[in-house]
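Participant: Have a look at this one.
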Amino acid sequence: MRALITGGKGFVGHWLATHLKDAGDEVAVIDIETDVADGAAVQKVVADVAPDAIYHLAAMTHVGDSWENPSQVLRVNVLGTAEVLAAARALAEPATVLVVSSAEVYGVVSPAQLPLGEDTPTAPASPYAASKLAAEAVALQAWRGYHQPVIVVRPFNHIGPGQSPNFAVPALAKRIVEARRTGANSLRVGTLSTRRDFTDVRDVVEAYRLLIEQGVPGTVYNVCSGRDVAISEVAAQLLELAGADLSLVIDPDLVRPVDVPVLRGDAGLLHAATGWEARIPLATTLADVLSSWESD
């Protein structure tokens, strides 16, 4: 299979490219050198590669930063999706497109709604989440209107080695390592009470390829572990793994304007379609994340 990954040099793109190559696929990637919202540029790349499958990962992904520049987030995440889909349609043999959305589209949910299924009402609570839901609408309209083979995934929080410290878990790991090196006795943190459904990125990319092979076009799939863990528990595990005794200090600058209290998903639809299950334990993932910062 010939695959094209947009955002292929990013955190998930790197792991996805490795997984696809290991599976025997031919892989091409584009990243920031190609503006995905530039239709002509995207069409040229897609035509040159002539992929069988496109994994559309390219996006502005930081929830906190989206509050500062919502219009740019919409441009990249929504218009970029539309242009990638248009380029895929222009091929002699239309490529199957996997559009990566986010579990953030569910918004602030009540405990009674958990676990979240694909039919749970969506209520985006940030500009980032709104852009992802709009990108979903564009993707599903392409399926309904053009019969274009498009699959949408809603990954919950995925973590692993190589992730930017702009995100909570690698940020905690990096600060713990830095605190040990400098002899500090405290650690700056954001909100600790939020609970998230974490999946190792290496499991996530396996789900993506399986869906390209076995997913049903026009369908939305959750990608998640089905377990939620408090950020405070993640911090405690990282401290224990590092052998560090640090006090946690809430930094207002690290607290988002609106934060979703808890997310826990149901990956039953994905499992039914592909047999996929999250395999890598959280403890293993956290140890690998910490080790990646210790080796820097």
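The values are calculated or read from the model by the stated rules, or taken from the named source; none is laboratory data. Nothing here was measured: the structure is a model prediction, and the numbers come from that model. Here Cβ is always computed from backbone atoms with ideal geometry, including for glycine, and neighbour counts include all displayed protein chains. When the accessible area is computed, the model is the full protein with side chains, heavy atoms only, and any ligands, DNA or RNA have been set aside. Shrake-Rupley method; radii C 1.70, N 1.55, O 1.52, S 1.80 Å.
Participant: Per the 1.4 Å probe, what fraction of the accessible area of the chain, in percent, lies on carbon and sulfur atoms?
Facilitator: In the chain, the share of accessible area belonging to carbon and sulfur is 52 percent.
Participant: Next question. Can you give the helix-only mean residue ellipticity at 222 nm for the chain, where every DSSP H stretch with n ≥ 4 adds -39500 (n - 2.57) and the sum goes over all residues, rounded to the nearest 500 deg cm²/dmol?
Facilitator: Helix-only estimate at 222 nm: -12500 deg cm²/dmol.
Participant: DSSP beta bridges in the chain, what fraction antiparallel, as a percent rounded to 5?
Facilitator: Values: 2 of 31 bridges.
In the chain, approximately 5 percent of DSSP beta bridges are antiparallel ones.
Participant: Next up: Which of rounded, prolate or oblate describes the stretch 164-258 when judged by the alpha-carbon gyration tensor and an a/c cut-off of 1.5?
Facilitator: The shape class here is prolate.
Participant: Can you pull the Rg over Rh of the stretch 27-185, Cα-only, Kirkwood?
Facilitator: Rounded to two decimals, Rg/Rh equals 1.04.
Participant: At 0.36 nm per residue, minus the direct Cα-Cα distance, what do Ala50 and Asp259 gain on full extension? Give it in nm, one decimal, please.
Facilitator: 71.2 nm
Participant: Does anyone have the angle between helix 127-146 and the longest principal axis of the chain? Alpha-carbon axes, 0 to 90°, nearest 10?
Facilitator: So the inclination is approximately 20 degrees.
Participant: Related question: What's the center-to-center distance, using Cα atoms, between the stretch 1-26 and the stretch 233-296 in Å?
Facilitator: 23
Participant: Could you work out how much longer the chain between Val108 and Ala92 gets when fully extended? Use 0.36 nm per residue separation minus the Cα distance between them, nm to one decimal.
Facilitator: 1.5 nm
Participant: Among (i) 0.99; (ii) 1.04; (iii) 1.08, which is the computed Cα Rg over 2.2 N^0.38 Å?
Facilitator: Answer label, from the structure shown: (i).
Participant: Compute the angle between helix 282-294 and the longest alpha-carbon principal axis of the chain, please, reported from 0 to 90 degrees and rounded to the nearest 10.
Facilitator: 80
Participant: Which order, highest average first, do 97-109, 222-234, 79-91, 268-280 follow once you tally other Cβ atoms within 10 Å for each residue and take the mean per peptide?
Facilitator: Put in order of decreasing packing, that is 97-109, 79-91, 222-234, 268-280.
Participant: For Trp67, Trp293, give the ranking by accessible area with the largest first, probe 1.4 Å.
Facilitator: Working: Trp67 85, Trp293 45 Å².
From most exposed to least exposed: Trp67, Trp293.
Participant: Which of rounded, prolate or oblate describes the stretch 12-78 when judged by the alpha-carbon gyration tensor and an a/c cut-off of 1.5?
Facilitator: It comes out oblate by the Cα gyration axes.
Participant: First check a/c for the stretch 225-279, with a ≥ b ≥ c the square roots of the eigenvalues of its C-alpha gyration tensor; if it is under 1.5, answer rounded, and if not, answer prolate when a/b is larger than b/c or oblate otherwise.
Facilitator: Here the stretch 225-279 falls in the oblate category.
Participant: What angle do you read, to the nearest 10 degrees and between 0 and 90, between the alpha-carbon axis of helix 11-22 and the longest principal axis of the chain?
Facilitator: Once rounded, one gets 60 degrees.
Participant: Sticking with this one: On average, how much accessible surface per residue is there in the chain, in Å², for a 1.4 Å probe, leaving out ligands, DNA and RNA?
Facilitator: Normalised by residue count, the accessible surface of the chain is 43 Å².
Participant: May I pose another question? Could you let me know the centre-to-centre spacing of the stretch 111-153 and the stretch 154-226, using Cα atoms, in angstrom?
Facilitator: With the stretch 111-153 and the stretch 154-226 each reduced to a Cα centre, they are spaced 20 Å.
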